[in-house]
Every structure is written in C-alpha cells, then in structure tokens.
Amino acid sequence: MNILPKWAELVLIPLISVCIAFVISGIIIVLIGENPISALKLMIDGALGSSYGWGYTLYYATNFLFTGLAVSIAFHAKLFNIGGEGQATVGGLGVAIVCLSFPWPHWSVALIAASFGAMAFGAIWGLIPAYLQAKRGSHIVITTIMFNFIAAALLNYLLVNVFRPDGSMDPATAKFPDQTNLPTLHEILSLIGIPFSKAAPANVCFLIAILSCFLVWVLLWRTRLGYEIRAFGHSDSAAEYAGISSSKIIIVTMMISGALAGLMAINNVMGEAERLVMNSAEGAGFIGIAVALMGRSHPFGVLLASILFGFLYQGGAELALWTSIPRELIVVIQALVILFTGALDNLVRIPLEKTFIYFRKGNA
Amino acid sequence: MQKPIIELRSISKAFGSVQANKNISLKVKSGTIHGIVGENGAGKSTLMSILYGFYKADRGDIIINGQAAVISDSQDAIGLGIGMVFQHFKLIENFSVLENIVLGAETGALIEPSLQNARKILTTLAREYELHVDPDSLISDLNVGMLQRIEILKALYRQAEILILDEPTGVLTPSEAEHLFRILRNLKNEGKTIILITHKLKEIMNVTDTVSVMRQGEMTETLSTKNTNPEQLAELMVGRKVLLRVNKNKAKPRKSVLKCSNLNYSDAQGINRLKNISFDLREGEILGIAGVAGNGQSELLEVLSGIKSTNGEIELKGETIPLFGKMSNPYNRRNSGVSHVPEDRQKLGLIMEYSAWENMAFGYHRNPEYKNKKFFMHNSHLKSQTSDRMKKFDIRPSDLNILAKSFSGGNQQKLVLAREIEQNPDVLIVGQPTRGVDIGAIEFIHKRLIELRDSGKAILLISVELDEILSLSDRIMVLFDGQIMGERLAANTDEKELGLLMAGIT
Amino acid sequence: MEFLTIIQILDSTIRLATPLIFAALAGLFSERAGIFDIGLEGKMLISAFLAAAVAASSGSVWVGLFAGIVGSVVFSGIHGVASITFKGNQIISGVAINFLAAGLTVLIAQSWFSQGGRTPSLSGSARFNPVNLPFTEALQNIPYLGIIYNELISGHTVLVYVALILVPLSWWVLFKTTVGLRLRAVGENPAALDTAGISVARTRYLAILICGILCGLSGVYLSTGLSAGFVKDMSAGRGYIALAALIFAKWRPWYVLAACLLFGLLEAISNRYQNIDIFSFTLPVQFMQSLPYILTVVILAGFIGKAVPPKAGGQPYIKER
C-alpha cells in the first residue's frame, strides 16, 4: 500500500531532508562564530547576484550535473559508484591527450573528439571495478574508492614525468592550442544580444550537460536497456529469471556511468583551465553523490540539485574570500545532504506517513 | 468448567492503514490443542505474534491463567510460559544446535556453562518427547524436519507451557507431519496447551480439539472440532460455499512436446540436486510433480526455464535445445516456447517496483512486438495489451499504472499467469501457483490451467500442496532427493500412496 | 640487506599496522553484528583531530585520548541511529560520515587554531612517547636477540601494545562470552535473537559503541602516537585499507592481525625505499604510494580466496509481516 502520493515521495521528502541539512549547517556556522544569515546573504549575492556569479554557479553546476548523472545511472542498477572523482580525473587525461596531439581546425571538432576521449577514459576507469564486481564479487564501493586514489597517483606520475613541458616546474600539461578554446556563455549569449559576464567560466558544456540529462532520461525510461537496468536494480534475482545478464548490466551501466563522469572533463579541463593540472576534478566527483541522492537519481532532480550545489560552491568560495569560513563548509553541507537524503530518509518519511494517515482518517 | 489458560479480549492491531486484527476475542482451555484457520492475510500469524510479544496490540487485553498480562516483548511471553515455533525458522546456520538453543537464554557471561546446562536438559527432553537431536551438529547440516524439532526444543528449554506453531507442516512429508502430531499429542497429555495455526483443513480435523476461524482480520467463529467438517470450515473461512476440488474433463493428451533425458544438476556447492531426471510431457496434459519442498523442485524449474545449466538432454518439439553455455538462458528458452510461472512471484516473477504494465513485458521485453525503432520500447502497445489482459484475468484494481507491490497475492499471481499464458507457449512450467493466494483466486487460477490444457498445451505443475496436485494433474510424478520416485495416473492414486513416495519409500 | 635494516622495517611495520589493527577490529565488531561500516575512515579522522586538538590545548595526551574516543563514538552513534533506528542505507551513511569528518575537522581546526586546517605540533606530555619495556639494559649486548628486543619489541608507544593485546581479547569476547555469541548471532539472523526476546537494536548499538571506541583509538594513535599533530586528510585512506584487511581476514581476529601487518609492511617498505629498482626498471614513487590501494583491489578481486560476510550484514532488521 502506498501511503505517500508520488509527489511527496519524489519531491517533499528530499526537500525536507535538504532543509534539515541546511539548518544544521547553519547551526555549525553559529558554533564557529559566524552569522549564518549574513553568510547566506553573502552566498546569494556572490553566486546569484550578478551574471559573474551566475557564470560561476552554472560552471560548477555543469561539473556536478555530469558527475551527478554518473552516480544516478549507477544507482538505478543499485550500484554505488563512488569513483566519479577518479573517472573525472582520467577523463581529463583523455581530453588532454586529444587536445594536445592533433592540430584541431575548429573548437566544435575538437570538442567532439575530446568528448569521446573523455568518455572512453572514464568508461575504462569504471569498467575495471565493474568487471571485478561482476566476475569476482568485489564490492564496488571499496574498489571505486581505491581507484580514486590510484587515479590521483597516476595523474601525478603522468603530469610530473610525461606531460610536463620541458623547462616547466609546474606539474601540468602545456596549454591547449587556441583552436580548442570553447565559447563561453558570454560569447553564446551575446549572439542573441544578452549581456553576460566575460570573466565567468560557464561555457557551451553547460548545454551539453543538459543534453546529457535528457539523454539519460530517455535511456532509462524509453529504451530496452534502461528497462533492464532498472529491473536489475530493483531485483537481481527477478532479472535473472527474465534472462537479463547481471554481468552485462553491471559492466554496461558502470561504463556509461564512468563515461558521464569522465565527460565532466570537457567542462573543467577543456572549457576552463585549458590544460590539465593536478587535482583537476577538485571534489566534483564526490559532490555528484550528494547531487544524485538529493535528486532522487532522476535526471530532472539531478539538474535542480546540481544548480543548487553550484550555488553552494560559488557561494562557499565567496564566503572563504570575505569571511574566515573555509571552503570545507561546503564539504560539511555536502555530507549532511548525503546523510539526510540518503540514509536518514526514514527520519522524514515516517512522520510524513503518519501525517498523511491522520489527514486521510480525518477526511474519511 | 475449566478456566481458560489463555484469554484474548478485543485485540486490535493495524499496520499503517491495514487493519490486521479487528476486535478479536478468544478463549483457549488448558491441556488442549486449539487450531486457528483462515486464508492468507486473515490475521492468524499477527494475532499469535501479539500473544508471543513479537508485536504489540494497539488495543485489547491478554489474560494468562486468569491474570492480566503485559506482554511487551518476547521475553515477557517466555516468562509467562509461552513459546512459538515460526513458519520460517529463526536459527543461526553456522552455529551448533546447542548454541542456537541457548541463544537468549544463557545463564551467565561465559557461554561454556550455558552449553553444558543445555546439553543436560536436552537429553531429558529427548527422552520425554521423542525429540532426538545431535547437540553438536551445525544447523546448516540438518534437514528441515530436524530444524523444526530444534525450534520446539528451544521453546521447551525455556519451559514453555503454551506452544504456538505457525504452519508447521508446510515443509514436512506426510509421515513427518504424523510424527509431529504424535509429539504434539504427547505434549498435550503432559498438560501443555498447543495452538496450531494452519490453512490445511485436514490437519485441523486430524489433531485439534477446538478450532477458531478467522476471516479478514476478524474472528468468525470458534467450534469444537468434532462438531464440524472441512466444507463448513472452508465456507466460514471464505464467506461462501467453496469448491474444494476443481471440475474437469478427462484429458486428451497428444504427442510428446517436451522430452527430458538424464538431467543431472549439481549446485554451486557441488551437491547433486537432480539425479537422472527423465520424463515425457505431452500436449494436452498436466503433469504434476509432487514432493516436499527442498527435494529438487526449485532446481528442476531453474533448469527447465534456462536459469541454470545442466547435464543431460532436453528435446523440445523434437529439437534438442542447448543446456549449457551462452545459448542456454531464459530468453532463448522463452523463444523456444517454454513459459515459466515461478515459485516466488515477488522475488522472481515480478518487479515489485514496476507498474502492472511494465511487468507485462518482463522476460519478453526483447521480443519484436515490444520493439519501437532500434533501441526503444513500445510502451503504448504494452499498455493497451496490459489493459486487455487485466480485464481477461479479472485482475483488480484494474488500473495498469498501479505498482505490482500494491496488488494482493492473488492478483499478483494472476498478473504473472496472464503474462506467461498469453505468450501462447507450447509448454508452461508452473511452480507453487497458489501459494499465498486467496481461495477465490485459487479457483480462478485452477480453472485457467485446465483451460490451457484443454486447448492442447502442455503443463508441468510443481507443487507441495498434495491436494492441488491430485486435483489438477492427469499424471503425477514424485520428486524425492532429486530423483523421480514413481509415476502414477492421478485417477489411480491417493494421498497415502503419494505420501510414501514423497518420503522416499517405494 | 642488513639485519638492522630488516628490524627497522619490521619496527615500522608494527607502528604503521597499529592504526589499521584498531580500525579493522572496530569494523569486525560492527560487521559481525550486521552493520556495514564504510565510515571507519571518517571516525579515524575525527578522533585524530579531536585528540590532537584537545591534547594541544590541555597539554595532556590522556585528555586528548578521551576527547578522540568521544568524537569517534558520537560519529559511530550517528551511523548507528541512521542504520538501526531509521533503517537507512548503511553504505550511504558511512560515506556521509567520511565527508562530514573531512569537512568538519578542517572547519573546526581553522576556527580553533587558525593554522590553515591543522593543529599545532604536539610535544612532551601532549603526545605518546615510546615506552621502554623492562630488561632493555640487560639484553642490550646479546647479539640478534638484543636488537630484536630493543628495537622491535620494546620502545613502542603504549597504544601499540594495547592494539596487540586487543586481538586475542577480541577473539575471546566474540567466541567465549555470551555477549559475543549474541553479537555474532545478530549479524547472521537477527530474527533468532528477536524471537528469543533479546533486543536486536540494543545488541547492535553495543557493537556500534565498541566500534566507535576502537576506531577512536585508531585516530588517537595516528595524531598522538604515530605523528605529532593533525593535518588535513591525514587518515589517507587507512580506514578503507582496514576494511580491506578485514575482508581479507574473513572477519576473524587473528587473521586481522596478520592482514594489518602485511599492509603495514607495504607502507614501511614504500616509506623507506622511495624508488625501488627492479633490474633496470625503476618503480616510481607514485606507484609505491598507491601500492596499498592496488593491493586492496587485488585482495578484493578474490585472488586470495573468497570471503563470506555475516549473513545479515548491511540489511536493516525489519520484523516480517
């Protein structure tokens, strides 16, 4: 018997959970001696008060949308992909190799090639833990965490020993050629006469992220593969009965998931930094987990959640600049969102169910 | 007049919006065996779980031995001398028998003394009640009949005077069930009170002194067993006259459509579960496979449906089909014309979180009829098809968007059946078709199976309910320890003969 | 290789294995009782921070130890409430705890000490100092044995010895006491305990408490025994490595000791030999650093046997209807 109507399950519960997370964050801010209200105001001003702020908010949102979609699609197969960070890192490798190894004539061609490079590398980084889970029963949570560490070490090694241009002390690749520079939102919007901040890094990848959002929705609810992925996620024993191969689903889903996380690199590596640096993913892979949970693994929810976290990230950067609150506050908020939307959802659900039954009995 | 040892007054219990027990009153006399019958979902287990402290009643009183009792958890119940043997065993598989018996009733901080004490008491109990077990063996090594004995010993170790048994014979052969009843009669003679929850009317008539009938959460009536009969009890259970045997015409079997030769299957632990299974299934007949659960039925279904690989040979419509390797899988098996109604509809047959229409393609979702361009699913076709089928099979509520988990057991089973039958298979293999299904749906499902047979299809029916096997089958085989024990014509055999075969006695 | 070098590496091994032993034993109790704990990392981190911070402020490492354990127990409690009372997803809860610790430690450290997210260095009574076992003087001149005793066995901080003693103690509690029987039972089939009238929740919370205390000791040792102060993200994945050791050890106390020593050995070797030359091929430092993580994957890939976890592990207990 479904006590809660669908809208309550999909929207109300995560909304209340997120509010609780924010309230607790506010309390923590008070405890370290700052004013949460003025902190919030500063965040809103810094993230949404100007097109410069929006530019950064949407730029970060793009990152989180890719990683959030990656985690979501894995969740639909009941797989917990914590490896988004590592997959995004190797995706960056793919982008760097593509951009640096060929004289691209135009950014659009370079972007398509770099996308494939990013997705391929990300997919491989998701494939190995998937294969181990499917064939050897290795817990994918631990292996993907390990692969995050391995990816960081790999990146470190390659940047220092292989990709570093001669004479440079910086562990980073050379700057990508100008033909690979992506149009920013400023350039895109000026084509239709809308003024937008020139300095903000939001770029065409934002549109690609939204497109990915739509494609993931189509994949999950309109294709046979999506039908199988969701069925497997609900019940692997039933999936076996129906002739759905669990190995195939685990591997394919994780490859798509890794590819999506890897694809993030077109935004931060190609779109913003225009070269590959250490720690390029900067925690976006982990925020993807919070985004996926908050968005209930539904592409549209993930879109909204990623914009919210984009706001938090940019707002957090402003806070760190103007107050003594370090950027780690965002990590705390992210942790609380994960805790309340992912593990403590019954904390919200049970009183909510009781409320619904009470009102239903009253009306009956 | 003897005062009742147990009295329940106006017990009510709701789970969310479902009222499991409504205002139930019951009196049980000491030193008797009292039966509680009712369909699945009638509330029997809930009521007894309240008596055992596993659940707490919302309202009502419990009086034990004339004194008001507060039973807030099972410790209280155990303290009052109440013990319960659950339908699904509550044992720790990799502990020994002694450790399981002692768990929760240990005598101190170290376990050694508790184990020694238990060993002594077990020897006494074994002598008194014919309940012999090896105290040091591991639970995982024992068979089901033994496990039940251990559950009873657990209660007796805690000095239970009142023993509740919930559907105890589901996993026993007829002779093991008889042995159980002998134990129960011994206990009764020692002055213990026994409450037997069952849906099997024959057992009620066999062993109880009094019986209560529950229907839809309410206590319908309490009778003295010698004053009633199965037909009256069935009518009280359902609220109308019930057909206990299905009417069917004689079968007209034609040519062989499924031929199995020397199927040999060993499970992941290397244990041989199917030993040289050979049989022939013909068009237009129902072949029933009887046997106590755990003798290879599940494995036979898995092997025939393609879920697991096996050695041996299977010929379908004259053609040999692959039994191992990549080509042996449920999808190919379905394409070859074998449909499968699984034993466990919730675990295998349906995706509980999918709607009725999404479930209608489950297993067949790669078929061309559901294909829309290369990768997409033809949802609109699926939805209209589901609508038609739900009407045809009288599945209620008739909304195709309702999630499978919201349907009752009977309607869920009808969903699975609709899907498998409407694919027009040559062979339909069915496992436990009416487990957990209300009587109305049972009648419907039995009729549809007979109809399918009469239209010339072949049905392999696997069931632990002997009545169902005898009622539906044309031919019957018995599975014991992975082997076919014998073949009989349904018309020429009876429960007694089958019971012997089910126990491995030829 | 010189004998002294070997002894020094083994000495390092024991010191580096100690936080793993504490954390793995913590995970052992929790998982044997049916609660999966991915949050060992976070608990290690918060207790490391609190121990160092309070020790720095109070000047006493014992007060710091107490604070560290309290912190770990609180975080363990959060995981317990989410998993047991609210029947939430245990893996998500564990992941959240890890992030919470990572963020909170830096946040609080910055607010408290303003040193960029770390505590001041610890010295003197604010950290654990080596303990010299008796007879070191007398045995000093005996060849081989003297060195083994003085360098390898004696001279560790007190928590190292505690960790080593906890291994047989854990074995005894789990397999010889009533409490241990119930803890193991609740991880295999909680319904068996429930129908015997014993509270499943209470038993699991006990396991969570033990886990919190042991994990707290792990973190305390990290910042006051192994190092002298807290720095950001200092646990560096040890919580996950402890988890891998636990799985490798098939949830048995003595095997846990062996597995943790193995990982400790790896870290000791990689610390000592930054670049290892095998024939003409130099293993880069990054490879040595990632070796524990790679080994974890290899172990989990089952190349070293299959591990069967407690049967009811990771699933919230819901009374059947």
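The values are calculated or read from the model by the stated rules, or taken from the named source; none is laboratory data. Computed from a prediction, not measured in an experiment: that's the story for all the values here. Here the Cβ positions follow ideal geometry from the backbone for every residue, glycine too, while neighbour counts run over all protein chains shown.
When you look at C:VAL220, is it facing chain B (nearest Cβ under 8 Å), closer than 26 Å to C:PRO19 by Cβ, aliphatic (A, V, I, L, M) and out of contact with any strand residue (DSSP E or B) (no Cβ under 7 Å at 6 or more places or on another chain), yes or no?
no
Only one residue in A:GLY283, A:GLY271, A:GLY316 is under 23 Å from A:LEU58 (Cα atoms) and away from chain C (no Cβ under 12 Å). Which one?
A:GLY271 is the lone residue from the list that is under 23 Å from A:LEU58 (Cα atoms) and away from chain C (no Cβ under 12 Å).
Working carefully through the options C:ALA56, C:ALA138, C:ALA82, C:ALA51, find the one that is within 14 Å of chain A (Cβ to nearest Cβ) and in a helix (DSSP H, G or I).
Exactly one residue qualifies, and that residue is C:ALA82.
Looking at (1) more than 10 Å from every other protein chain (Cβ to nearest Cβ); (2) under 19 Å from B:ASN262 (Cβ atoms); (3) crowded, with 17+ Cβ neighbours inside 10 Å, find the lone condition where B:ASN311 falls short.
Against the list (1) more than 10 Å from every other protein chain (Cβ to nearest Cβ); (2) under 19 Å from B:ASN262 (Cβ atoms); (3) crowded, with 17+ Cβ neighbours inside 10 Å, B:ASN311 comes up short only on (3).
When residues of the stretch A:342-362 are filtered for being hydroxyl-bearing (Ser, Thr, Tyr) and at the interface with chain C (Cβ under 9 Å from one of its Cβ atoms), how many remain?
0
Condition (residue is more than 14 Å from every other protein chain (Cβ to nearest Cβ), over 14 Å from B:VAL102 (Cα atoms) and not charged (D, E, K, R)) applied to the stretch C:172-179: is it met by at least one residue?
no
Quick one: in the stretch B:436-466, which of the residues that are within 13 Å of the chain's Cα centre (by Cα) and either aromatic (Phe, Trp, Tyr) or not in a loop (DSSP other than H, G, I, E, B) (or both) is farthest from B:ASP494 (Cα to Cα)?
The extreme case among them is B:ILE462.
Which of the residues belonging to the stretch A:113-139 are farther than 17 Å from A:ALA88 by Cα, at pLDDT 90 or above and in contact with a Leu (Cβ under 9 Å, 6 or more places away or on another chain)?
Within the stretch A:113-139, A:LEU132, A:GLN133 meet the criteria.
Taking only the stretch B:306-335 into account, find how many residues are within 13 Å of B:GLY363 (Cα to Cα) and touching a Gly at 6+ places or on another chain (Cβ under 9 Å).
Qualifying residue count, the stretch B:306-335: 8.
Within the stretch C:154-176, identify whether any single residue is outside any helix (DSSP H, G or I), on the phi > 0 side of the Ramachandran plot and touching a residue at least 12 places away in the same chain (Cβ under 8 Å), and answer yes or no. Working first, answer last.
Start the filter on the stretch C:154-176 by keeping residues that are outside any helix (DSSP H, G or I), which leaves C:154-157.
If we keep only those that are on the phi > 0 side of the Ramachandran plot too, we end up with C:155.
Filter once more, so that each one left must be touching a residue at least 12 places away in the same chain (Cβ under 8 Å): C:155.
Yes, there is a match, as at least one residue in the stretch C:154-176 is outside any helix (DSSP H, G or I), on the phi > 0 side of the Ramachandran plot and touching a residue at least 12 places away in the same chain (Cβ under 8 Å).
Please verify whether the stretch B:162-174 includes one or more residues that are within 23 Å of B:MET502 (Cβ to Cβ) and either in a strand (DSSP E or B) or among the basic types (Lys, Arg) (or both). So that I can check it myself, show each step before the final result.
Keep residues of the stretch B:162-174 that are within 23 Å of B:MET502 (Cβ to Cβ), which gives B:165-174.
When the remaining residues are screened for being either in a strand (DSSP E or B) or among the basic types (Lys, Arg) (or both), the result is B:165-166.
Within the stretch B:162-174 (the criterion being within 23 Å of B:MET502 (Cβ to Cβ) and either in a strand (DSSP E or B) or among the basic types (Lys, Arg) (or both)), the answer is yes, since at least one residue qualifies.
I'd like the full set of residues that are assigned to a helix (DSSP H, G or I) and either touching a strand residue (DSSP E or B) at 6+ places or on another chain (Cβ under 8 Å) or surrounded by 14 or more Cβ atoms within 10 Å (Cβ to Cβ) (or both), limited to the stretch B:365-387.
B:TYR370, B:ASN379, B:HIS381, B:LEU382, B:LYS383, B:GLN385, B:THR386, B:SER387 - these are the residues of the stretch B:365-387 that are assigned to a helix (DSSP H, G or I) and either touching a strand residue (DSSP E or B) at 6+ places or on another chain (Cβ under 8 Å) or surrounded by 14 or more Cβ atoms within 10 Å (Cβ to Cβ) (or both).
Here is a list of conditions, (1) assigned to a helix (DSSP H, G or I); (2) more than 10 Å from every other protein chain (Cβ to nearest Cβ); (3) within 26 Å of the chain's Cα centre (by Cα), and B:GLU151 meets all of them except one; can you say which number that is?
For B:GLU151, the exception is condition (2).
Just to be sure, is B:PRO174 farther than 21 Å from B:MET84 by Cα and touching a residue at least 12 places away in the same chain (Cβ under 8 Å)? Walk me through how you get there before you give the answer.
On the way: farther than 21 Å from B:MET84 by Cα: yes; touching a residue at least 12 places away in the same chain (Cβ under 8 Å): yes.
Spelling it out, B:PRO174 is indeed farther than 21 Å from B:MET84 by Cα and touching a residue at least 12 places away in the same chain (Cβ under 8 Å).
Is it the case that A:ARG224 is crowded, with 16+ Cβ neighbours inside 10 Å, within 11 Å of another protein chain (Cβ to nearest Cβ) and in contact (Cβ under 8 Å) with a residue 60 or more places away in the chain?
It is false that A:ARG224 is crowded, with 16+ Cβ neighbours inside 10 Å, within 11 Å of another protein chain (Cβ to nearest Cβ) and in contact (Cβ under 8 Å) with a residue 60 or more places away in the chain.
Only residues that are in contact with a helix residue (DSSP H, G or I) (Cβ under 6 Å, 6 or more places away or on another chain) and within 23 Å of B:GLU39 (Cβ to Cβ): list them for the stretch B:182-204, please.
B:ILE194, B:ILE197, B:LEU201, listed by residue number.
Every residue in the stretch C:280-294 that is within 11 Å of another protein chain (Cβ to nearest Cβ), over 25 Å from C:ALA259 (Cβ atoms) and of a type in the set (S, T, N, Q), please.
C:THR282
Can you run down the residue pairs with Cβ atoms below 7 Å, 6 or more apart or on separate chains, where the first is in the stretch B:97-118 and assigned to a helix (DSSP H, G or I) and surrounded by 18 or more Cβ atoms within 10 Å (Cβ to Cβ) and the partner is at pLDDT below 90 and β-branched (Val, Ile, Thr)?
B:VAL97/B:VAL133; B:SER114/B:THR107
Quick check: is even one residue across the stretch A:169-185 surrounded by fewer than 16 Cβ atoms within 10 Å (Cβ to Cβ), assigned to a helix (DSSP H, G or I) and in contact with a helix residue (DSSP H, G or I) (Cβ under 7 Å, 6 or more places away or on another chain)?
yes
All but one of (1) surrounded by fewer than 19 Cβ atoms within 10 Å (Cβ to Cβ); (2) over 20 Å from C:LEU50 (Cβ atoms); (3) within 14 Å of chain A (Cβ to nearest Cβ) hold for C:GLY88, so report the exception by its number.
(1)
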